[in-house]
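*Asks:* Input: one structure, supplied below.
The values are calculated or read from the model by the stated rules, or taken from the named source; none is laboratory data. Computed from a predicted structure; not experimentally measured. So basically every Cβ, Gly included, is an ideal-geometry build from the backbone, and we count neighbours across all protein chains shown. Areas reflect the complete protein model, heavy atoms only, side chains present, ligands, DNA and RNA absent. Shrake-Rupley method; radii C 1.70, N 1.55, O 1.52, S 1.80 Å.
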Amino acid sequence: MDSLIIKSTDDSPGVVFDTSSNSFTISGESRPENAGKFYTPIINWISGFEDELRHRKEETKENSKLVFIFKLNYFNSTSAKYIVDILLSIKNIAKQGHIINIEWHYDKRGDDMLDAGKEFSDMVGLKFDFVEI
C-alpha cells in the first residue's frame with residue numbers, strides 16, 4: 001500500500017503516513033472549513049491499511065509495530081470528532097494484535113493539548129505516551 005502524504009495548510013494539518021517505516025504522523029493546525037472532506041480520505045486510508053495488515057499477519061504470522069504521532073498545535077471541535085474516529089481505527093488495528101505506540105505531543109507552555117490527549121486516551125481506551133515539546 002502506498003504511503004499517504006498530505007501537505008499542511010494554514011487550516012489543515014500535514015499527514016505523513018509512511019508505510020515503509022510504519023510511522024504515521026499528523027501535525028499542525030486542524031480547523032479545515034470542511035473537516036469531513038479533509039478527514040474522510042484519511043480514515044478510509046487507515047481502513048485499507050488495516051486490511052493490508054490483516055493480510056500481512058496471515059502470511060507472516062507476525063504482528064507489526066506501528067507508531068502514530070499526533071503533533072497538533074490546535075484543533076477545532078469538528079476536527080476532534082474525526083480525531084476520535086482515527087483513534088478508534090487505530091484501536092481496531094491494536095485488536096488484531098499489532099503493537100501500537102501513540103505519541104501525543106503537546107506544548108509545555110499550555111495544558112490544553114495535554115488535557116485533550118488525556119481525554120482522547122480515556123475515551124478510546126488506548127495508552128498514549130505524552131511528549132512535551
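*Asks:* In the range 78-100, which residues are assigned to a strand (DSSP E or B) and touching a Leu at 6+ places or on another chain (Cβ under 6 Å)?
*Replies:* Residue satisfying the conditions is I100 alone.
*Asks:* Also, I was wondering about something else. Within the range 78-91, track down each residue that is among the small types (G, A, S) and within 15 Å of S30 (Cα to Cα).
*Replies:* The answer is S79, A80.
*Asks:* I'd like to check something: does the range 70-77 contain any residue that is part of a helix (DSSP H, G or I), more than 18 Å from S27 (Cβ to Cβ) and of a type in the set (G, A, S)?
*Replies:* yes
*Asks:* Next question. Working only within the range 9-63, note down all residues that are open to solvent by 20 Å² or more (accessible area, probe 1.4 Å) and of a type in the set (S, T, Y).
*Replies:* T9, T19, S20, S21, S23, T25, S27, T40, S47, T60
*Asks:* Kindly provide the set of residues from the range 33-87 that are of a type in the set (K, R) and within 16 Å of the chain's Cα centre (by Cα), ordered by number.
*Replies:* Answer for the range 33-87, where residues must be of a type in the set (K, R) and within 16 Å of the chain's Cα centre (by Cα): K65, K71, K81.
*Asks:* Quick one: in the range 104-130, of everything that is under 13 Å from N73 (Cα atoms) and touching a residue at least 24 places away in the same chain (Cβ under 8 Å), which residue is most open to solvent (accessible area, probe 1.4 Å)?
*Replies:* Once the filter is applied, the top-ranked residue is K108.
*Asks:* So which of E119, E103 is modelled with pLDDT of 95 or more and part of a helix (DSSP H, G or I)?
*Replies:* Just a single option satisfies the conditions, and that option is E119.
*Asks:* Residue under question is I93, and the condition is that it be touching a residue at least 60 places away in the same chain (Cβ under 8 Å), out of contact with any Phe, Trp or Tyr (no Cβ under 6 Å at 6 or more places or on another chain) and crowded, with 18+ Cβ neighbours inside 10 Å; does it hold?
*Replies:* No, not satisfied.
*Asks:* Could you name every one of the strands (runs of 3 or more DSSP E) located completely within the range 1-62 that has at least 3 residues being of a type in the set (A, V, I, L, M, F, W, C)?
*Replies:* 4-6, 14-18
*Asks:* Out of (1) at pLDDT 95 or above; (2) in contact with a strand residue (DSSP E or B) (Cβ under 6 Å, 6 or more places away or on another chain); (3) farther than 15 Å from V15 by Cβ, what's the single condition that is false for I69?
*Replies:* Here I69 clears every test but (3).
*Asks:* Identify all residues within the range 64-89 that are under 22 Å from F38 (Cβ atoms), among the basic types (K, R) and surrounded by fewer than 17 Cβ atoms within 10 Å (Cβ to Cβ); write none if there are none.
*Replies:* K81 - this is the single residue of the range 64-89 that is under 22 Å from F38 (Cβ atoms), among the basic types (K, R) and surrounded by fewer than 17 Cβ atoms within 10 Å (Cβ to Cβ).
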